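K.L.:
Have a look at this one.
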Amino acid sequence: MTFRIRPFHVGILASIAAALLVVLMPDGWLEGGRELYFDRLTQLVSAPVSPAVVVVDIDRKSYAAMPDQAWQRADTARLVEKIAAAGPSVIAFDLVFSTDCDPASDTNRKLAAALSKAPALLGFLLSDVGGKSPRPLPVLAIARSLTVPEIWFVPGAETSCPVFQQRAASSGAAFLIGDEDSRVRRVQAFSIVGSEPYPALGLEAVRRYYDVKTPLLGGTPPWLKLGREIFSLAEDGSMRFVASRPDAMARRTVSAIDILQANVAPDLFAEKIVFIGSSLPNLGGLRQSAAAQLVASTQIHADLANSILTSFVPLRDEGFVNLEAGYTLFAGLIVALLTVRFRPWETLAAGLGVIGFTLAASYAIYARTGWLTDGFTVTAMIALVLVVAAFSQFAETRRVERVARERFAQYLPQAVVDRYLDQPGKAPIAGEEREVTALFTDIEGFSALAGRVRPQELVALLNIYFAEVNKLVADHGGMVDKVVGDAVHAFFNAPEDLDDHINKAIDCALAISRLTEEMRNRPQFKAQDFGRTRIGIETGMAVLGEVGLSGKLDYTAHGNSINLAARLQDANKFLGSTICVGPAANRNSHRTLRALGEHEIRGFGTMALFTPDDYVGR
């Protein structure tokens, strides 16, 4: 038994390949699309919002309100004093006061004094120049199980002046590193300057807010215990955050000038995390996030704090990849199975349903747990399986159709076969009257042959015989109406017009006669004493159409000329001829045929008969 590769088998192989790709493909191949998918996912799901986060923006409005159109450290000092008076839990600065560090400066003394009136968290930036570590150093306990990610080690830090660090309560990393497309999607949870670890600005702000004495860091990949909460970090030690939409950022943001002008309720900052930064390029960094093209870095630190406060930190764990590969294989096998029961377009529609379910499941998982499952890569791989399986199924359908056309064309005209396959719902062809030349064949002595030859051998001989005879009919423009026993019934000029159909039928009869005489000399035919082929031809009007409703449907012709052709084939027995042509075919052929005399044909009377061949005797 010959094994044939079916669309189902192709789908299985494609599913296995797709699952392996999910695991083994380099990260860079689909990383851009995957990250954009995660961006979209985090924006579609409405993340919880903590009321404990307030952002103070030293914005353009604040600059414009100043007498000299410039914001000075003295203005920052007054701003801090106003906020500190409301009793915030912590004031986190996305501003680095690293220049003009004279401790005797009146302005610096005022800002330092303001910093001491509330817990102040000073941010520091990344520097290529090594130096003193930021101060104060936040508390942190490290478990022995910790494997420190390489990216945590930084060469140096750009810090605020010592006069300000001495008055601050803590310090945190305020620098942000974007992905290859420049979008900031995650924040490095810790940075190690020298040998001392520092948390990200937003992370340290939450620790101060919760008044956690000593957070615990450990594990591989790292995890962080902050009070009673345990947060899993990514393999590289980063924490994702949910980027707030512009409207959400606007609701938590206050202009610095409104605070100085007492346009803000005094209790707005009470027991809150207050981030101070600027949306102006010359004071604060403008970065791209998942929600907006240009976002003040202060807002990104606030987003990280909000994610931690609400315990909704998006997590992409490396262990998800194996589960995604398993799902890809499972979904791919479902798609492959669809090719067994459905047509190509139905398989495509059902496969798109599988893809839709996958995306919906990814959405639901994230909305419930914050886990980022890679719906982009998985659906891309399922789509690949779907395309491969559907294409294979389409190719198989075309192959089956081609075989069907070839097989049915041996029994029906090509036009009828095409109509059945291309328009299966179309009504049957009604009776059509047209001139038809009928050609009927018969094998001499077939009954005796069938009695002495084993059925398997007889079928083998007939298969060769009919294949070659039917091909000659098709080559001459005729159609095989049916094969009955050892006889071939063929029509010319039906169902489509055929020029000079009478002569083409006669030429076909001569070709069949020559072919079958040659065939009789072949060893397998000669050994069985295979008989001559007798042929009858007549032309006349006939009614053609499809016969049969609920049962077998047949395309055939009815008329006297059809019946006469069958009688003329039989007349060869007593005429001793091979080909017998009726009077109408002889008259309309306009060619010289050999006269066989006038003979009585049962049911039709006496008529002149003709033959084009030289076989007048046995």
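The values are calculated or read from the model by the stated rules, or taken from the named source; none is laboratory data. As the structure is a computational prediction, the values presented were derived from the model and not from experiment. Glycine gets a Cβ as well: all are built from the backbone with ideal geometry, and neighbour counts include every protein chain shown.
K.L.:
I need the full set of residues from region 529-546 which are of a type outside the set (Gly, Ala, Ser) and crowded, with 16+ Cβ neighbours inside 10 Å, in order please. Show your work before the answer.
P.N.:
Kept after step one, since they are of a type outside the set (Gly, Ala, Ser), are these residues of region 529-546: 529-530, 532-535, 537-539, 541, 543-544, 546.
Matches in region 529-546: PHE530, ARG532, THR533, ARG534, ILE535, ILE537, GLU538, THR539, LEU544, GLU546.
K.L.:
Looking only at helices (runs of 4 or more DSSP H) that lie completely in region 454-537, which have at least 1 residues being within 21 Å of SER561 (Cβ to Cβ) and in the same structural domain as ASN563 (by TED's automatic domain parsing)?
P.N.:
455-475, 501-520
K.L.:
Taking interchain pairs and intrachain pairs at least six residues apart, which have beta carbon atoms under 8 angstrom, with the first residue in region 264-291 and without any contact (Cβ under 8 Å) to a residue 40 or more places away in the chain and the second in a loop (DSSP other than H, G, I, E, B)?
P.N.:
LEU286/SER279; LEU286/LEU294
K.L.:
Given the conditions (1) surrounded by 14 or more Cβ atoms within 10 Å (Cβ to Cβ); (2) out of contact with any strand residue (DSSP E or B) (no Cβ under 7 Å at 6 or more places or on another chain); (3) modelled with pLDDT under 90, and given that LEU412 satisfies all but one, which numbered condition is not satisfied?
P.N.:
Only one criterion is unmet by LEU412, namely (2).
K.L.:
Please go through (1) closer than 21 Å to PRO48 by Cβ; (2) in contact with an Asp or Glu (Cβ under 7 Å, 6 or more places away or on another chain) for ALA205 and return the number of the only condition it doesn't satisfy.
P.N.:
Failed condition: (2).
K.L.:
Taking region 68-87, which residues are of a type in the set (S, T, N, Q) and either without any contact (Cβ under 8 Å) to a residue 24 or more places away in the chain or more than 15 Å from PHE164 (Cα to Cα) (or both)?
P.N.:
GLN69, GLN72
K.L.:
Among GLU318, GLU324, GLU346, which is the only one that is assigned to a helix (DSSP H, G or I) and either at pLDDT below 90 or among the aromatic types (Phe, Trp, Tyr) (or both)?
P.N.:
One residue alone meets the criteria, GLU346.
K.L.:
Also: Conditions: (1) in contact with a Gly (Cβ under 9 Å, 6 or more places away or on another chain); (2) at pLDDT 95 or above. TYR209 meets all but one. Number of the miss?
P.N.:
Here TYR209 clears every test but (1).
K.L.:
Same structure, new question: Based on what the data block shows, is PRO221 in the same structural domain as ALA52 (by TED's automatic domain parsing) and part of a strand (DSSP E or B)?
P.N.:
No: the conditions fail for PRO221.
K.L.:
Just the residues that are over 16 Å from TYR327 (Cα atoms) and in a helix (DSSP H, G or I), please, taken from region 359-387.
P.N.:
Those that are over 16 Å from TYR327 (Cα atoms) and in a helix (DSSP H, G or I): TYR366, ALA367, ARG368, THR369, VAL387.
K.L.:
Next question. Every residue in region 111-169 that is crowded, with 17+ Cβ neighbours inside 10 Å, touching a Gly at 6+ places or on another chain (Cβ under 6 Å) and among the hydroxyl-bearing types (Ser, Thr, Tyr), please.
P.N.:
SER133
K.L.:
Of the residues VAL335, VAL340, VAL354, only one is modelled with pLDDT of 90 or more and either in contact with a Pro (Cβ under 9 Å, 6 or more places away or on another chain) or assigned to a helix (DSSP H, G or I) (or both); which?
P.N.:
VAL354
K.L.:
Determine whether region 310-320 contains at least one residue that is crowded, with 16+ Cβ neighbours inside 10 Å, touching a residue at least 24 places away in the same chain (Cβ under 8 Å) and hydroxyl-bearing (Ser, Thr, Tyr).
P.N.:
Yes.
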